[in-house]
Structures are given as C-alpha cells and as structure tokens.
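J.: Encoded as structure tokens, here's the structure I'll be asking about.
The values are calculated or read from the model by the stated rules, or taken from the named source; none is laboratory data. As the structure is a computational prediction, the values presented were derived from the model and not from experiment. Here the Cβ positions follow ideal geometry from the backbone for every residue, glycine too, while neighbour counts run over all protein chains shown.
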Amino acid sequence: MINLPSTDNFKLVRMDGMVYDMRANGILVKGIVDDSPSPVHHRETIEGRSGFIDMGTTLDGRTLHADCQMEGEDFPDYPLMRDELFRALDSREAFYLIRDNELGKRLKVKYDSKFSITRLIKMGTFGIDFISDLPFWESVGRTDSDPVDFDSEKWQSVGAGITLEDDLQYVWSQNSFRIYNGGDETVDPRFHELLIKFIGASNGLAITNQTTGDSFTFNQATGAGDEIDLNGPRVLLNGTSALSKSNRKFIRLAPGWNDIKVSGTSGAFIISFGFRWLYL
C-alpha cells in the first residue's frame, strides 16, 4: 500500500482486536472533526411563573466526521481496498476509534449512515460520519492491567491529568490511601467500568471514598481467601451475587485524587481499583 502522510490519521480497533490503520491501508485522512459534547437541558415550567426551572443537564452521544481519500496501487487494487474498508467499518457491532495524535484515548463508535466513494480511476474520496452512544472518550489503558506512565501509548500523557506528584498506585494493602482519576468525569459504576476487588478477612467491611462521601458496607464476615467484587452495579462474593449482604451503595471516583479508607478488616488484605479515565 502507499504510505500517505496525515496528521489526522486514525485506527479502527474491532472488538476481536483486529486493527485497521487508515494510512497503512492507503487511505489519507484529510481531516477529522470531533464535535463537542452536546448538552441536553432538562427544564420544567410552572403555570403563572416566567421562565424555566433548571432540572439539570446531561450529555448526549458524540459525533465525529472524517474526510478521506483512498488511492490504490493500480486499477484492480481499488475494489479490494474498498471491500476491506467496508469490512473494517461494519457497524453491526461497535468498534473503537483511536487518533494518531492522541494514542491514549479511544471512542466507541459506529458509522452513522451510508457513504459514497467518488471514484476517479484508482482514487476515491469520501466522508464518514461516526456516532457514539457515549459523550466521553476513554483511556485505552485500564488501571488494574496497564501501569500508568508517560512511556505507554495506552495513556494520554499531555493534558490528560497524569501527574508526577506521586506514584499512581491502584493496588493497596493498607487502610488509608489515595486513588487518582486522571479524567474529566466522575467514574460512576452505574454507568462506567469500575471494578473494586477486596481479598481478605473482614467483619463489617466498609470502603469509604472520603472525597465523594460514598461508603460501601458488607454485612457478612469473610475469610482470608474470600473475594468481594464491586463490579459495576453488582456485588459478588467469590463469584456469587451478594448485593443483599451489602448496603447497596457504591463507590464513585471523582476527577483528581480520591481519599479512600477501608475499615472492618481482620488481618492482611489486598484491595484494587480497575477503571478507565473519561475525557470530554
């Protein structure tokens, strides 16, 4: 394939791990526009009162648009490139888009509607509209499997919250510590990836985020080899649902440092936090 320069080049990463690099496959990304988050304002009116009552604002899904140019090495090569592109963009299943100038961030997308490739001999131009159900880009890395450092392409090191103030540690065996969320958004396990794993003996276990005021308690004693998982909105004890044995409260992680306290432990334990950073 022809290697074409592009500062806006991006890769598509399918759920099975297949990677489609636009530039490496002979496609020049002439430009990509990442639209801003779209606010959805919730308002109510009261008869006899002027104006609206602000009931809060949420964010809609996200949209992007890419203008591209495809060039085959020869005339027969063109339809092969086109078909490979269609397979990479198959939107019956969502996939991730990662830009070359922000390798540590990804957005889960589908293409929004059909597009036409305007062909001239062995070259074609086209535009793609991408849509995401979520408003946030997320870190490629996850804190429980990918060490956070400046050398890894899985983390966005410039302007994305990484700090050298302390080592960014997400596995602890002491009762008080700090967890760093380098994103722009509070990680809420009702809506986002968050796995808090506790392994050890306890009696009246309590995990409290003193920064957000959230506190999780577990009412059943556990032994040294038992594992409690707060996996999103689920609570598991050794892989079995145990939500009813808790206070049904969950831990959120605010942007920046979160001061965590663990109480009710009985001896040695390990607690870990696995999540992705979320960016506007």
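J.: What tally of residues in the range 37-77 results from selecting those that are in contact (Cβ under 8 Å) with a residue 12 or more places away in the chain and farther than 30 Å from Leu120 by Cα?
T.: 16
J.: Taking the conditions exactly as written (without any contact (Cβ under 8 Å) to a residue 12 or more places away in the chain, outside the structural domain of Gln156 (by TED's automatic domain parsing) and not β-branched (Val, Ile, Thr)), does Phe95 satisfy them or not?
T.: Judged against the criteria, Phe95 is not a match.
J.: Filter the strands (runs of 3 or more DSSP E) completely within the range 35-134 down to those with at least 3 residues that are under 29 Å from Asp146 (Cβ atoms).
T.: Here the list reads 62-71, 95-99, 105-111, 123-132.
J.: Here's a check for you: in the range 202-242, which residue that is hydroxyl-bearing (Ser, Thr, Tyr) and either free of Cβ contacts under 8 Å to residues at least 60 places away in the same chain or touching a His at 6+ places or on another chain (Cβ under 9 Å) (or both) is farthest from Arg276 (Cα to Cα)?
T.: Per the stated criteria, the residue is Thr222.
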